[in-house]
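In what follows, a structure is listed as structure tokens, so that the remarks can point back to it.
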Amino acid sequence: MNIKKGDTIVVIAGADKGKEGKVAEALPAQSRVVVDGVNMRKRHSKAKKSGEKGQIVEYAAPIHVSNVALKDPKTGKPTRAGRKMEGDKKVRIAKKSGSTL
């Protein structure tokens, strides 16, 4: 999986197509990522104590990695990730512009 926590991504398919966000959590075992502000769901929670009110909690559900792509830092468009040696260190690069991610 080429997408890591902290990466900026663009949604390329699905109901949230075109939205951008930062990866909050990567779940490589399920091939999914949790992105802030994307694939939002609502959960109704019951009151825990007497006198307290129940509430509707909104949270970001995981989205499959095939529906997202890394955002190119130069152009802002979706791109794939590649790897390149810079000196003795391996760095990730954007395939479209060649800039480091």
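Across the range 6-22, the qualifying residues are those that are of a type in the set (A, V, I, L, M) and in contact with a strand residue (DSSP E or B) (Cβ under 8 Å, 6 or more places away or on another chain), and the one among them that is nearest to L70 (Cα to Cα) is I9.
Sub-8 Å Cβ pairs linking a first residue in the range 1-14 that is without any contact (Cβ under 8 Å) to a residue 60 or more places away in the chain and under 14 Å from V34 (Cβ atoms) to a second residue that is part of a loop (DSSP other than H, G, I, E, B) and of a type in the set (G, A, S), at least 6 apart or interchain, are V11/G18, ordered by first then second residue.
Identify all residues within the range 15-30 that are of a type outside the set (A, V, I, L, M, F, W, C) and surrounded by 14 or more Cβ atoms within 10 Å (Cβ to Cβ); write none if there are none. Spell out the reasoning first.
Taking the range 15-30 first, the residues of a type outside the set (A, V, I, L, M, F, W, C) are 16-22, 25, 28, 30.
Across the range 15-30, the qualifying residues are D16, K19, E20, G21, K22.
Is one or more of the residues making up the range 33-42 surrounded by 11 or more Cβ atoms within 10 Å (Cβ to Cβ) and more than 15 Å from K19 (Cα to Cα)? Checked against the condition, which is being surrounded by 11 or more Cβ atoms within 10 Å (Cβ to Cβ) and more than 15 Å from K19 (Cα to Cα), the range 33-42 yields no hits at all.
Filter the range 30-46 down to residues that are touching a strand residue (DSSP E or B) at 6+ places or on another chain (Cβ under 8 Å) and over 27 Å from D7 (Cα atoms) and give me whichever is modelled with the lowest pLDDT.
Only one residue tops the list, namely S45.
The single residue among K96, K89, K49 that is out of contact with any strand residue (DSSP E or B) (no Cβ under 8 Å at 6 or more places or on another chain), among the basic types (K, R) and either surrounded by 12 or more Cβ atoms within 10 Å (Cβ to Cβ) or modelled with pLDDT of 90 or more (or both) turns out to be K89. With in contact with a helix residue (DSSP H, G or I) (Cβ under 8 Å, 6 or more places away or on another chain) and β-branched (V, I, T) as the only criterion, which of V91, V57, V33, V38 stands out? Sole residue among the options that is in contact with a helix residue (DSSP H, G or I) (Cβ under 8 Å, 6 or more places away or on another chain) and β-branched (V, I, T): V33.
Look through R41, R83 and report the one residue that is under 17 Å from the mean Cα position of the chain (by Cα) and assigned to a strand (DSSP E or B). Sole residue among the options that is under 17 Å from the mean Cα position of the chain (by Cα) and assigned to a strand (DSSP E or B): R41. The number of residues in the range 1-14 being assigned to a loop (DSSP other than H, G, I, E, B), in contact with a helix residue (DSSP H, G or I) (Cβ under 9 Å, 6 or more places away or on another chain) and surrounded by 17 or more Cβ atoms within 10 Å (Cβ to Cβ) comes to 1. In the range 74-101, the residues that are touching a residue at least 40 places away in the same chain (Cβ under 8 Å) reach residues that are polar (S, T, N, Q) with C-beta atoms within less than 6 angstrom, at least six apart or across chains, in these pairs: A81/N2.
The values are calculated or read from the model by the stated rules, or taken from the named source; none is laboratory data. For clarity, every value in this text was computed on a predicted model and none was experimentally measured. Counting neighbours? That spans all protein chains shown, and the Cβs are built from the backbone with ideal geometry, glycine included.
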